[in-house]
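Encoded as structure tokens, the structure appears first; notes follow it.
The values are calculated or read from the model by the stated rules, or taken from the named source; none is laboratory data. All figures in this text were calculated on a predicted structure; none of them were measured in a lab. All Cβ positions, glycine included, derive from the backbone under ideal geometry; neighbour counts span all protein chains shown.
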DNA sequence: TTCATTGCAAATAATTTGCAATCGG
DNA sequence: CCGATTGCAAATTATTTGCAATGAA
């Protein structure tokens, strides 16, 4: 029950960091935290626009930059021209993208535990392996 | 000595695939195969422009698409708004990008062997794990 | 000759930025 | 009140595309 960040808590933190709590920021914050998975700027824009049609893309982008720098979301660019935002503290999973048929399968984060351990032990590197896309060929396409 | 693809061999293969061998394609092909590592469209453009100032960006992009589809290069988008091209058959390595100090360390591909095997055995997925960037924190920044 | 390929210029598409108006603290 | 934040419109940047001219086979 105290695992993931709530919108309230995040909002308070932002305020303590010296940022102003505008309605736009709160709505964007709620939208991104509600998403169990990744969202794009466009999805956030559309979602917030339902309650607040006046919202602008610049505000979405600027707010996500702020949330990223404050550590509430991570930002991933897996190609395809759109950046993905992803709330921290939520269950992580990864994508297996087939370069043959384009299918996308999901796998849990335990896939990386071996790699992570090896990086830590042999390279003294503490890897943040959240939300990756792995390219290759699926069963059918091999 | 028969490990990496040479420009001549690749050119011949392209021809056999039914593509025309234009000087532009040959120059771009040589440029990308000469690079031990990744190159961007811009880098290829600049490099070819030295011998052939008339080259256009469209040709670079279209040629790289062709080389990618023919299997001579892989295309990776690690964010930052520029796609990276990378000749196949060259030694692969990966980057450990520290989110604290921005330092970049290199690690060999053997890092992924465990993961690759697991993906193959448990998920029937044949992963192409070439040229990755891994984010996290380096020794000093932890 | 003939059609694939090129170069140019214009089109896309995501993201960023300048600036005047607005509103949270 | 005052400066941080917003919305708009214009700018930026990488990449793509239409089309007429060109050149490889």
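Some values worked out for this structure:
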item	result
Among (1) surrounded by 16 or more Cβ atoms within 10 Å (Cβ to Cβ); (2) at pLDDT below 70; (3) part of a loop (DSSP other than H, G, I, E, B), the one test that residue B:97 misses	(3)
Some residue of the stretch B:19-31 being more than 14 Å from DNA strand C (Cβ to nearest atom) and either under 29 Å from residue B:108 (Cβ atoms) or away from every other protein chain (no Cβ under 14 Å) (or both)	no
Subset of the stretch A:1-23 (residues that are touching a residue at least 24 places away in the same chain (Cβ under 8 Å) and within 19 Å of the chain's Cα centre (by Cα))	A:3, A:4, A:5, A:6, A:7, A:10, A:13, A:14
Complete set of residues in the stretch B:102-127 that are over 19 Å from residue A:117 (Cβ atoms) and modelled with pLDDT of 75 or more	B:120, B:123, B:124, B:125, B:126
Residue A:81 being within 14 Å of chain B (Cβ to nearest Cβ), away from DNA strand C (no atom under 11 Å from the Cβ) and surrounded by fewer than 17 Cβ atoms within 10 Å (Cβ to Cβ)	no
Index of the failed condition, residue B:41 passing every other in (1) within 9 Å of DNA strand D (Cβ to nearest atom); (2) over 18 Å from residue B:5 (Cα atoms); (3) surrounded by fewer than 16 Cβ atoms within 10 Å (Cβ to Cβ)	(3)
Any hit, the stretch A:33-40, residues being within 16 Å of the chain's Cα centre (by Cα) and within 14 Å of chain B (Cβ to nearest Cβ)	yes
Matching residues in the stretch B:60-74 - criterion: being surrounded by 14 or more Cβ atoms within 10 Å (Cβ to Cβ) and either more than 13 Å from DNA strand D (Cβ to nearest atom) or not in a helix (DSSP H, G or I) (or both)	B:72, B:73, B:74
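Matching residues to (1) modelled with pLDDT of 95 or more; (2) on the phi < 0 side of the Ramachandran plot; (3) within 10 Å of DNA strand D (Cβ to nearest atom); (4) not in a helix (DSSP H, G or I):
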| site | (1), (2), (3), (4) |
| --- | --- |
| A:2 | no, yes, no, yes |
| A:12 | no, yes, no, no |
| A:15 | no, yes, yes, no |
| A:28 | yes, yes, yes, no |
| A:46 | yes, yes, no, no |
| A:55 | yes, yes, yes, yes |
